[in-house]
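K.L.:
Okay, here's the structure, questions in a sec.
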Amino acid sequence: MMKAKVFVTLKPSILDPQGKTIANALQTLGYGSIQDVRQGKYFELEVDTSTVDHARALAAEVADRLLANPVIESYRVEVE
Amino acid sequence: MKLKFAIVVFPGSNCDHDAYYAVKQVLGQEAEFVWHKEASLRGANVVILPGGFSYGDYLRSGAIARFSPIMPRVAEFAAAGKPVIGICNGFQILLEAGLLPGGMRRNRHLKFICEHVNVRVEQSDTPFTFKARVGQVLRIPIAHGEGNYYADKETVTGLEKNRQIIFRYTSSDGELDDICNVNGSTAAIAGICNAGRNVVGLMPHPERACEPVVGSADGRVILESVLASFTDDSTAQVGLR
């Protein structure tokens with residue numbers, strides 16, 4: 001069994017209204033050094049396989065099909 | 001002969017009955033609910049993907065619903081050039097399914113916006129705007145938190161060039177104005193069509209604005225248009241089906 005982690009974020013060119021609002025809240029709390037926040041989604045997939053490559057390929061496939069919307073989001077996969 | 005409208009019901013659809021009422025009571029046509037797990041659109045002439053919160057908007061609006069068993073049938077129906085309209089969540093589902101280009105972001109100011117807005121008709125050669133006038137401003141309600149339409153520059157240029165932008169948020173005079181673009185959509189886009197012009201998606205709810213008693217009857221022209229696209233001889237002249 002392998003665990004694949006998928007991190008989905010809005011593409012850098014796309015305005016993230018939620019991240020912006022969180023950044024503003026942090027500014028209000030006095031964290032002036034935090035200049036920007038980008039909010040994303042995190043998925044843990046339990047994959048029944050013995051190879052890292054297979055887990056990675058599978059995670060990327062489902063990220064493309066369902067977990068991320070390639071029109072507005074990009075993703076990164078980590079396997080352990 | 002009455003037209004048959006299939007209204008696809010997903011778990012979490014909540015404007016399905018509004019659409020049913022508008023088709024049946026206002027237009028006087030046949031309407032049938034089609035559960036998303038059904039295998040057939042039952043010989044319908046028009047398909048409506050109604051508004052709501054399919055699958056609770058989990059993951060992204062429309063992201064799960066697009067894999068419902070009925071969706072391949074909807075894609076075939078669309079590919080055959082038959083009229084499909086996605087309203088609000090239905091629009092989001094069409095985007096996720098790739099039947100229309102682009103995607104949705106959270107509204108610019110994060111607020112769920114529920115109010116009447118002014119929407120300008122940009123093109124009249126689709127089955128859903130056939131009876132409307134280009135430049136006509138419709139007062140129609142919106143109700144969404146994730147209606148901030150996004151498409152990259154290249155896609156928007158393509159939409160402009162092929163006249164696929166069908167509705168824009170404007171002032172009551174039909175002027176483009178950043179304040180009137182309530183959710184922050186790219187190019188103030190409220191609705192678009194596909195390259196074949198038979199699939200239309202829009203965030204505003206025409207089915208909720210079909211009688212003066214509910215505040216506006218401006219949405220009626222959208223439903224009446226699809227009716228006319230079947231009966232009117234002049235449809236041939238504008239290249240509909």
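FYI, it's all coordinate maths here, none of it is from the lab. Everything numeric in this text was worked out from a predicted model, so none of it was measured. Methodologically, a virtual Cβ is constructed for each residue, glycine included, from the backbone with ideal geometry; neighbour enumeration extends over all protein chains shown.
K.L.:
Among the residues of region B:82-97, how many are outside any loop (DSSP other than H, G, I, E, B) and in contact with a helix residue (DSSP H, G or I) (Cβ under 7 Å, 6 or more places away or on another chain)?
P.N.:
Start the filter on region B:82-97 by keeping residues that are outside any loop (DSSP other than H, G, I, E, B), which leaves B:84-87, B:89-96.
Now restrict to residues that are in contact with a helix residue (DSSP H, G or I) (Cβ under 7 Å, 6 or more places away or on another chain): B:84, B:86-87, B:89, B:93, B:96.
Result for region B:82-97: 6.
K.L.:
Follow-up. Would you check which residues across region B:191-233 are surrounded by fewer than 19 Cβ atoms within 10 Å (Cβ to Cβ), among the hydrophobic types (A, V, I, L, M, F, W, C) and part of a loop (DSSP other than H, G, I, E, B) and list them?
P.N.:
Correct list: B:A195, B:A217.
K.L.:
Name the residues in region B:1-48 that are part of a loop (DSSP other than H, G, I, E, B) and among the hydrophobic types (A, V, I, L, M, F, W, C), would you?
P.N.:
Listed by number, the residues that qualify are B:M1, B:L3, B:F10, B:C15, B:L27, B:A39, B:L41, B:A44.
K.L.:
Shifting gears a bit: Of all residues in region B:136-166, which are within 14 Å of chain A (Cβ to nearest Cβ) and touching a strand residue (DSSP E or B) at 6+ places or on another chain (Cβ under 9 Å)?
P.N.:
If the condition is that a residue be within 14 Å of chain A (Cβ to nearest Cβ) and touching a strand residue (DSSP E or B) at 6+ places or on another chain (Cβ under 9 Å), then B:H144, B:G145, B:E146, B:G147, B:N148, B:Y149, B:Y150, B:A151, B:V156, B:L159 are the ones that fit.
K.L.:
I'd like the residue in region B:59-99 that is of a type in the set (K, R) and within 14 Å of another protein chain (Cβ to nearest Cβ) and, out of all such residues, is surrounded by the fewest Cβ atoms within 10 Å (Cβ to Cβ).
P.N.:
Applying the filter and picking the extreme gives B:R66.
K.L.:
Can you find a residue that is of a type in the set (A, V, I, L, M), outside any strand (DSSP E or B) and within 14 Å of another protein chain (Cβ to nearest Cβ) anywhere in region A:47-55? Spell out the reasoning first.
P.N.:
Within region A:47-55, the first condition is being of a type in the set (A, V, I, L, M), and the residues that meet it are A:47, A:52, A:55.
Add one more test, that the residue is outside any strand (DSSP E or B), and what stays is A:52, A:55.
When the remaining residues are screened for being within 14 Å of another protein chain (Cβ to nearest Cβ), the result is none.
Looking for residues that are of a type in the set (A, V, I, L, M), outside any strand (DSSP E or B) and within 14 Å of another protein chain (Cβ to nearest Cβ), one finds none in region A:47-55, hence no.
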